[in-house]
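The structure under discussion appears below in the form of structure tokens.
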Amino acid sequence: MDPESPAPPHPPAAPARRLLPLVLPAIAVGVVCALVLLGVSLLAEQLQDVLWETLPDALGVGRFSSLWMIVMLTATGLAVGLVLRAVPGHGGPDPATTGLVDAPMRPGIIPGLLLVTTLALAGGVSLGPENPITAANIALAYWLGRRAAPGAPADLWVALAAAGTIGALFGTPIAAALILSESLASQPGPGAFWDRLFAPLAAGTAGALTMSLLAHPSFDLSLPAYSGPHWGDLLSALLIASAGALLGLLAVYALPVAHRAFRALRYPVLALTVGGLVLGLLGALGGHLTLFKGLEEVKELAADPDGWSAGGFAGMAVVKTAALVVAAACGFRGGRIFPAVFAGVALGLCAHALVDAVPPALAVSCAVLGVLLAVTRQGWVSLFTAAVLVSDASVLPLLCAAALPAWLLVTGRAQMQLDGEGKALR
């Protein structure tokens, strides 16, 4: 560029009169997204209590005995497969080919999708609710929004629903803003960047506040306080985050292989039943903490950083990673963020158990950062999640430093999402 040429003008700021009408729709979408998430979560918790407490107690079987885990996960796979075969739309596209924010589905698919998501969450499948709940909320917001305001841009409803759901999932609109900023920044559109983020941020705020007021979610693991950066901590952060990235990449490269193996079974019901059996065997190997989406289990894990050996923590990290791959490959509907967080926490506690001088808060946050960078390729949300788990701003400089080598390991490599032919996206 000629140094004497004038600088390109900044995008013109959108007038307030164009942004203000978006506030009420954004708030409404955010509140509804949070209520859908809360409803599915509460229903799954009630069903989980029946399946893992009431029923085994009535049968005189240990709640988390190896036998019960294998039976329950296998039965969950069979039930999900039968429901998917029967419901309209069969639960949408192959979950191995979907991301967190995709194009809207047909509304008729949503009831079946929410039903199988509830069954998987209650049955102990190692997937979170984020992908199917986001897809359901996007479909509902898009369908209702296009009818209520046909003149509004179609992408607006997708952004509002995604932001509202992500805000509710994490209990803060910051997560929604960070995730959407990576996509909005690259999209052409009128107005400055914050003008385009205005309505999604309002939806994310509404979703986060609704969830916080009704359910009081918390991601703080209550690990021992971090005393502040030291020179030795820098090397630890770089190594642990890189190890987390490598663990995440193992899952990334294993996904297409596992997907081909389950697709070779030809029948989705059979694939899900076999997948459930494998998940049950993995649960018997890794223990009951490696079941379910991992949010509550990871708090139990972090409550006693010295309660397991380094080998025990490493085993749980590997088992959880394998369970994530199997669940995503065989056809269960669910998200990958929460199981990846569990794997990262277990890996971080393994590093602390190996070298006691490494603070557990630093080890956990760096390991989670590395795993999430590999699994999601979302830099901002990976940093945010890693930091919020320890609720200590003093780890941020080290996390930013640790993100650099971890990102070099994952950038340009295959992603944990497949195309229609079963090949990993890049």
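Just so it is clear, none of the values below were taken in a lab; they were calculated from the coordinates. Please read these numbers as outputs of a predicted model, since none were measured by experiment. Glycine gets a Cβ as well: all are built from the backbone with ideal geometry, and neighbour counts include every protein chain shown.
Positive end of the dipole of the chain (Cβ unit charges, origin at the Cα centre): among Thr54, Ala75, Leu201, the Cα lying farthest that way belongs to Ala75. A Cβ-based charge dipole, computed about the Cα centre of region 231-410 with Lys and Arg at +1 and Asp and Glu at -1, lands at about 1000 debye. Long-range amide H contacts for Leu418: which residues qualify at under 5 Å (H placed 1.01 Å from N, peptide plane, sequence gap of 5 or more or a different chain)? The answer is Thr97, Thr98, Leu425. A simple charge model with +1 on the Cβ of Lys and Arg, -1 on the Cβ of Asp and Glu and nothing else charged puts the dipole of region 223-322 at about 660 debye relative to its Cα centre. Straight-distance candidates among the aspartates and glutamates for linking to Lys299, with alpha-carbon spacing under 14 Å and chain neighbours fewer than 8 residues away dropped: Asp220.
Expressed as a fraction of 2.2 N^0.38 Å, the rule-of-thumb size for a compact globular protein of N residues, what is the C-alpha radius of gyration of region 334-403? Before the final figure, lay out the partial values.
Values: Rg = 11.1 Å, N = 70, 2.2 N^0.38 = 11.1 Å.
Cα-based Rg divided by the globular estimate yields 1.01.
For region 384-426, the residues whose amide N sits under 12 Å from a probe point set 7 Å from the Cα of Arg263 along the beta carbon direction are 418-425. Extending 7 Å from Cα along the Cβ direction at Leu59 and again at Asp419 yields two label points whose distance is 4.4 nm.
Net charge dipole, the chain: roughly 1280 debye, given to the nearest 20, about the Cα centre with Cβ charges of +1 for Lys and Arg and -1 for Asp and Glu. Note on the chain: dipole from Cβ charges, positive end direction compared against Gly112, Ala401, Asn131; the farthest Cα belongs to Gly112.
Quick check on packing: order 271-278, 282-289, 398-405, 300-307 by the mean number of other C-beta atoms within 10 Å, highest mean leading.
On the way: 271-278: 24.5, 282-289: 20.6, 398-405: 19.1, 300-307: 15.0.
Ranking the peptides 271-278, 282-289, 398-405, 300-307 by packing returns 271-278, 282-289, 398-405, 300-307.
List the lysines whose Cα sits under 25 Å from the Cα of Lys423, skipping any in the same chain fewer than 8 residues away. Leaving aside lysines fewer than 8 places away in the same chain, those within reach of Lys423 are Lys320. In summary, the convex hull built on the alpha carbon positions of region 231-410 has an orientation-averaged projected area of 9.4 nm².
For Leu404 and Arg147, the difference between the fully extended length at 0.36 nm per residue and the C-alpha to C-alpha distance is 88.0 nm. Kirkwood radius for region 21-215, taken over all pairs of different Cα atoms as the inverse mean of 1/r, rounds to 17.6 Å. The candidate values were [x] 68, 51, 43; [y] 71, 63, 42; [z] 72, 58, 43; the one computed from these coordinates for Cα extents along the principal axes in Å carries the label [z]. The value of relative contact order for the chain, using C-alpha pairs under 8 Å at least six residues apart, is 23 percent. In this structure, the amide hydrogen of Gly335, modeled 1.01 Å from its nitrogen in the peptide plane, lies closer than 5 angstrom to those of Gly128, Glu130, Asn131, counting only residues at least 5 positions away or on a different chain. A cut-off of 5 Å between modelled amide H atoms, ignoring neighbours fewer than 5 places along the same chain, links Val125 with Phe292.
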